[in-house]
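The values are calculated or read from the model by the stated rules, or taken from the named source; none is laboratory data. Keep in mind that this is a model prediction, so the values were computed, not measured. In this analysis, Cβ positions are derived from the backbone assuming ideal geometry, glycine residues included, and neighbour counts consider all displayed protein chains. The protein model used for the area step is the full one, side chains on, heavy atoms only, and it has no ligands, DNA or RNA in it. Shrake-Rupley method; radii C 1.70, N 1.55, O 1.52, S 1.80 Å.
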Amino acid sequence: MPERKLKVTILLSGGVDSSVALQLLHAAGHSCTAFYLEIWFQEDYENFWSACPWEEDLKYATAVCEQVDVPLEIVHLSEEYWDNVVRILLIRM
């Protein structure tokens, strides 16, 4: 019986774990699409978020996708992240 090939969506963080998972799924013959969530405020909150290496993470995620020829979609969720995570954390402080 032939192995079933899947259509897989994977969220890349720019880290090792998600990158290896993408490479393994692709190598197994699955049809993959990768997503990177942009949740940082690059312009308006430069000093507040300066410790986040989002640019480096995105470059790494892009390179991994190019290496295995998998499309990468960038999903802009900065406002949603602020409204549902950061704002709530600031209120609780």
Candidate set from segment 1-17 (those that are within 14 Å of the chain's Cα centre (by Cα) and surrounded by 13 or more Cβ atoms within 10 Å (Cβ to Cβ)); member that is modelled with the lowest pLDDT | Gly14
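Can you find a residue in segment 39-55 that is of a type in the set (Val, Ile, Thr) and modelled with pLDDT of 95 or more? Can you show your working first?
Keep residues of segment 39-55 that are of a type in the set (Val, Ile, Thr), which gives 39.
Now drop any that are not modelled with pLDDT of 95 or more, which leaves none.
Taking every residue of segment 39-55 in turn, none turns out to be of a type in the set (Val, Ile, Thr) and modelled with pLDDT of 95 or more.
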Picked from segment 64-91 (must be under 26 Å from His26 (Cα atoms), open to solvent by 50 Å² or more (accessible area, probe 1.4 Å) and not polar (S, T, N, Q)), the residue modelled with the lowest pLDDT is His76
What are the residues in segment 69-93 that are more than 16 Å from the chain's Cα centre (by Cα) and part of a helix (DSSP H, G or I), if any?
-> Glu79, Trp82, Asp83, Asn84, Val85, Val86, Arg87, Ile88, Leu89, Leu90, Ile91, Arg92
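Which residues, taken from segment 1-17, are assigned to a loop (DSSP other than H, G, I, E, B) and over 18 Å from Ala61 (Cβ atoms)? Give the steps one after another, and end with the answer.
From segment 1-17, those assigned to a loop (DSSP other than H, G, I, E, B) are 1-6, 12-15; that's our starting set.
Residues satisfying the conditions are Met1, Pro2, Glu3, Arg4, Lys5, Leu6.
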If you take the residues of segment 18-39 that are open to solvent by 20 Å² or more (accessible area, probe 1.4 Å) and assigned to a strand (DSSP E or B), which of them is nearest to Val70 (Cα to Cα)?
-> Thr33
